[in-house]
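Novice: Structure provided below as structure tokens; questions to follow.
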Amino acid sequence: MKTHLWIYTSESLTWIAASLKAASTHQRSTHTAQKIREWNRSFLADHGKMPLNLYGAWSASMLDKGDLAQEIHAHLQSIGKWVSATDIVRFLDTDEIKSRYGLKRTISLATAQRWMHTMDYRWTKELSGQYVDGHEREDIVTYRQSVFLPTMAELQWNVRVWKDGIEEICEDAPRPQPRWTVIWYHDESTFYANDRRKVRWVRSDETAVPRPKGEGASLMVADFISADYGWLRFGDESARVLFKAGRSREGYFTNEDILSQVSNAMDILDRHRPDEDHVFIFDNATTHLKRPDDALSARKMSKAPTREGFPLWGVETNVIGDDGKLLYGPNGKLLKQKVWMGDAQFADGRPQSLYFPDGHPRAGIFKGMAIILQERGFADAGTIRAECPKFKCEKGATQCCCRRILFNQPDFVNVPSTLETACQTRGYRVFFLLKFHCELNFIEQCWGDAKRKYRLNPPSSSEDDLEHNVVAALDSVSIVKMRRFATRALRFMDAYRRGLNGRQASWAAKKYRGHRTLPNSILDELAAQESSR
Ligand SMILES: [Zn+2]
């Protein structure tokens, strides 16, 4: 735009000729020249108007268009374990997709690669440059089959069952407990002010600062949802948190934020639904898994007790003032202090201090791994080496070195996160979702549904509108719809329970739309379907 005006005023060319020259300077087409003329006319008519983040917004909003991202996921998953960015390029080149999303042509390979990166939560890039479906990762499959699904199956005994959004009462269903269990899924999602159209005009005096990704101002929503009640809200009490995410705004959603949100949620449930058992399911973001500062960890322990004259062995924590706020030193850095690591636990549940007790000649000194192990019955721990070179123990080895033995002790393995502790002490169960398996958290689809409604709003740049529109969009998701989404998630769980992999599960979930479980013949059907390909 600037080039155009410069050429027009300095080179005595016509308005159109100047725009063509400006476009070609930037290796752009005549179409761009036409756009430049349009923008500049508008700019001259109202000096405050500038187009915002043209190119960033194009590609970012494309991916957010309708269910495009989800369709790409489904397509990539149907290809198999290994996919590449070219597969997206080809997929978008099909007539069906082009007409549905109003695309004139497919995207470039570079854009496809960027999209793969954006969708990284599901596809992990391997050294080969190919992407592997997170559904097939060994550690994830193990957690899915041996922890997540059995826990969900156990909970299903006492949850209400829905068919097509209406409660289905099964008289003959076994109900070992007289109380209902309500499962609350937690998640966070961000709504963008510009998530509507490719180009938006803003006045330059607006505070909406152009952001590098082109999404404009944004609002993050963190909430809980259940198939029983919808959003966690009773009367005028709600567990929802609206949050302006991003630097120089209100910061990010931290471990403290999630703790205060869940504590509010428990207060509300205590008041309004005390006769039911509540379970919270969180995704396994690091902010959710954070352990207390003084949590047990064998990582930095020495084998022998701390030698005389050496500083206290322990963990560093922030210093907190009388007002409950963090204290800073004169250099502006957070003040730190060394404190004892918390107690370990013997197999029978008694606490085991990691430090010599009062009355001991070396009271308060760290015992070292050898003594800690001896107290647990590993009599010859003193003769075992501290750790294998670089702690790369042989595969399957459990007794090779002191650090490995401690690592595998149940109390060292099962250190609860601060989030788990906060909920469990109040009688609420907590567990964590699988990485890469967003199809198991039906709140994802509720966000998607709310965003479709949100995009119908007229464009606006004021933050009040943003908040108002987001809340209205969230409230527009009906309970019947939520329950259908929940049923779909159950269908996926059933598929994984029957041993289907990610690709097979999405095929089966689609085929048996509306069902909570899959028929027993599903494996035969799969075999027939796959041999016919
Ligand atoms: Zn070892």
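Novice: Roughly speaking, what is the stretch gain from residue 136 to residue 32, that is 0.36 nm per residue apart minus the C-alpha to C-alpha distance, in nm to one decimal?
Specialist: Values: separation 104, 0.36 × 104 = 37.44 nm, distance 4.49 nm.
The span from residue 136 to residue 32 would gain 33.0 nm if fully extended.
Novice: What is the sum of charges around residue 523, taking Lys and Arg as +1, Asp and Glu as -1, for the other residues whose C-beta is under 11 Å from the C-beta of residue 523? Walk me through the numbers before you get to the answer.
Specialist: Working: positive: 498; negative: 524, 525, 530.
In short, -2.
Novice: Please work out the Cα convex hull volume for the range 424-533 and give it in Å³ per residue. All intermediate terms of the calculation are to be shown ahead of the outcome.
Specialist: Details: hull volume 19.4 nm³, N = 110.
Taking only Cα atoms, the range 424-533 has a hull volume of 176 Å³ per residue.
Novice: Measure off 7 Å from each Cα along the Cα-to-Cβ vector at residue 179 and residue 358, then give the distance between these two points in nanometres to one decimal.
Specialist: Between residue 179 and residue 358, the simple spin-label model gives 3.9 nm.
Novice: Between residue 457 and residue 318, what FRET efficiency comes out of the Förster formula 1/(1 + (r/R0)^6) with R0 = 51 Å and r the beta carbon distance, rounded to 0.05?
Specialist: Values: r = 42 Å, r/R0 = 0.83.
That pair, residue 318 with residue 457, gives E of 0.75.
Novice: A follow-up question, please. Shape of the range 440-487 from its Cα gyration tensor (a ≥ b ≥ c, root eigenvalues): rounded if a/c is under 1.5, otherwise prolate when a/b > b/c, or oblate? Kindly include the intermediate steps, with their values, before the conclusion.
Specialist: Details: a/c = 2.88, a/b = 2.66, b/c = 1.08.
Since a/c reaches 1.5 and a/b is larger than b/c, the shape of the range 440-487 is classed as prolate.
Novice: Expressed in nm to one decimal, what extension gain is obtained for the pair residue 475 and residue 104 from 0.36 nm per residue of sequence separation less their Cα-Cα distance?
Specialist: Working: separation 371, 0.36 × 371 = 133.56 nm, distance 3.48 nm.
Separation in residues times 0.36 nm, less the Cα-Cα distance, equals 130.1 nm.
Every read-out reported here was derived from the displayed coordinates using simple, explicitly stated rules and does not represent laboratory data. Everything numeric here is computed off the predicted structure, so don't read it as measured data. So basically every Cβ, Gly included, is an ideal-geometry build from the backbone, and we count neighbours across all protein chains shown.
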